[in-house]
Amino acid sequence: MTRRRPSFEQRLAGQRFLNRSLLGALNTVNGHRPFSREGRTGVLTFFPSWLTSELPLHAIAWQALATTLHLRRGALRSRAGRLGLAVDAASWYGLYRLWAQGMASQSVYEQALAEGLGDEVREVTVPAGLAPAIRRRKIVLGPTDYPRRRWVHDATVSYGEFGRRNQLDIWRGPDLKPGDRAPVLLQVHGGAWIIGNKDQQGMPLMERLAGHGWVCVSINYRLSPRAKWPAHIVDVKRALGWIKQHIAEYGGDPDFVAITGGSAGGHLCSLAALTANEPEFQPGFEDVDTSVACAVPFYGVYDFTNRDGTGRADMGDMLTRLVMGVSPTDAPELWDHASSMSWVDHDAPPFMVLHGTNDCLVPVEQARAFVALLRKASSEPVVYAELPGAQHAFDVFASPRSLFAVDAVERFLAVVHERHRRSVDADRP
């Protein structure tokens, strides 16, 4: 019995199926090992790598749907179609491995906390995390889950004179009252100092903490190129001052304020933590307390000058044109003082630094260098979680890696808060 030759339409469907399968497989490879971490190609590589590494099961579902549509058109009748199916199978296995890597990040966080905090992390308890069904639902919803509407009861509150760029949102439980003295977290958004707003980032962490009795504050700040450095850090400092003066009205404790942020927000939160009450960054409000209890930067930029070669070689041009308004040659002190690394000393507060090995936008090598400086200079705990396979912005929505990060950060904050509570109790007569 002779095998029936595929029709032209079936051969065409098979070829299209193979082409689509190859593109999907390339995307899977890019999720495992980005094609580039440098220059413009690194920036272009980032977005698909980020989505694929944080949403691998979604990618399997999308690819499976496309495969089904091609098969219904008779793609398997052609040799190209059968090869496409084999490529799909390999791609799906690779995507499953990405999922397993994200799930394995829990042990990375556990090890980081144990190394940085020792027995303290086992002595402090935190409220129970997400129930398994809720965790699964959040992972399925991914970027479409938007908890802000459930927790922001005070929105677009003004903290400065620059309109909507000096506004903040307050995340808190509805039962908090003035005088409750709940611990406070300030969230600083990223966006390369030129884009972004308070509605976009840090939501999984703020949702968890607000649900467990914290007050979380997310802020806008002035952006480049309209605003030039140091406007960005001045606004962060101004927001800290506002929190110290007003957060008690919303049930928060002005004596315990932690700070976090990702990317440019990671830079700003680390710099703010290391420059408490620094007059250079507090023009007109030099006497306002801007100290923080601890800092949790995610995939931050820690050095504008790239002093040790661990940063992006091409970032200097962008910073000169858009952010600083002047070159490092013409204003070396301005650039040096904009770098968190320049301010590391023995007065640094506790830090928890998180960074992914696959980061295409901010090299993980800079996080390692920053952590090494902190550990050498500071007597306070320094927790460092380096996440295999994680991209920039891995915490933006509820993926396994992001939700495990929330668990770990909450435990770190609980240890620091417990230290604060004991110190307050010891000072009481």
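Which residue fluctuates the most in the chain, going by a Gaussian network model with Cα springs under 10 Å, if the choices are GLN391, GLN366, GLN200?
Largest GNM mean-square fluctuation: GLN200.
Between rounded, prolate and oblate, where does region 134-263 land on the alpha carbon gyration tensor, with a ≥ b ≥ c its root eigenvalues, rounded for a/c under 1.5, else prolate if a/b exceeds b/c?
In terms of gyration-tensor shape, oblate.
I'd like the trypsin sites (Lys or Arg not before Pro) in region 1-60 restricted to DSSP loop residues with at most 10 other Cβ atoms within 10 Å, sorted by number.
ARG3, ARG4
Cα axis of helix 39-54 to longest principal axis of the chain: angle in degrees, 0 to 90, nearest 10?
It is inclined by approximately 80 degrees.
Indicate, rounded to the nearest 5 percent, the antiparallel portion of the DSSP beta bridges found entirely in the chain.
Approximately 25 percent, going by the DSSP bridge assignments.
Take the residue pairs LYS237/LYS376; LYS177/LYS244; LYS198/LYS228 and return only those whose Cα atoms are more than 21 Å apart.
With Cα atoms farther than 21 Å apart: LYS237/LYS376.
Could you identify which residue out of LEU223, LEU85, LEU186 has the top mean-square fluctuation in a GNM of the chain using Cα springs shorter than 10 Å?
Taking springs between Cα atoms under 10 Å, the residue moving most is LEU85.
Hand me the GluC sites (Glu not before Pro) from region 1-78 located in a DSSP loop with no more than 14 other Cβ atoms within 10 Å, in residue order please.
GLU38
How many angstrom separate the Cα center of region 353-429 from the Cα center of region 94-130?
12 Å
Which whole-number percentage describes the relative contact order of region 48-172, with Cα contacts under 8 Å and a sequence gap of 6 or more?
19 percent
Taking the 0 to 90 degree range and rounding to the nearest ten, how far is the long axis of helix 132-141 tilted relative to the main principal axis of the chain, both from C-alpha atoms?
So the inclination is approximately 70 degrees.
How about region 182-265: which trypsin sites (Lys or Arg not before Pro) there are in a DSSP loop, with at most 11 other Cβ atoms within 10 Å of their Cβ?
ARG226
What is the Å³ per residue value for the convex hull set by the Cα atoms of region 8-102?
81 Å³
Run down the aspartates and glutamates and flag those whose C-alpha is under 20 Å from the C-alpha of LYS138, throwing out any fewer than 8 positions away in its chain.
Of all the aspartates and glutamates, those that pass the test against LYS138 - Cα under 20 Å, at least 8 places apart if same chain - are GLU54, ASP199, GLU207, ASP395, ASP407, GLU410.
Please determine, in degrees from 0 to 90 and to the nearest 10, the orientation of helix 56-72 with respect to the longest principal axis defined by the Cα atoms of the chain, where the helix direction is its Cα long axis.
20 degrees
Compute the Rg/Rh shape ratio of the chain: radius of gyration over Kirkwood radius, all on alpha-carbon atoms.
Looking at the chain, the ratio lands at 1.04.
Throughout, read-outs are computed from the coordinates displayed, never taken from laboratory work. Small disclaimer: the values here were computed from a predicted structure and weren't measured. As a convention, Cβ positions derive from the backbone with ideal geometry for all residues, glycine included, and neighbour counts pool all protein chains shown.
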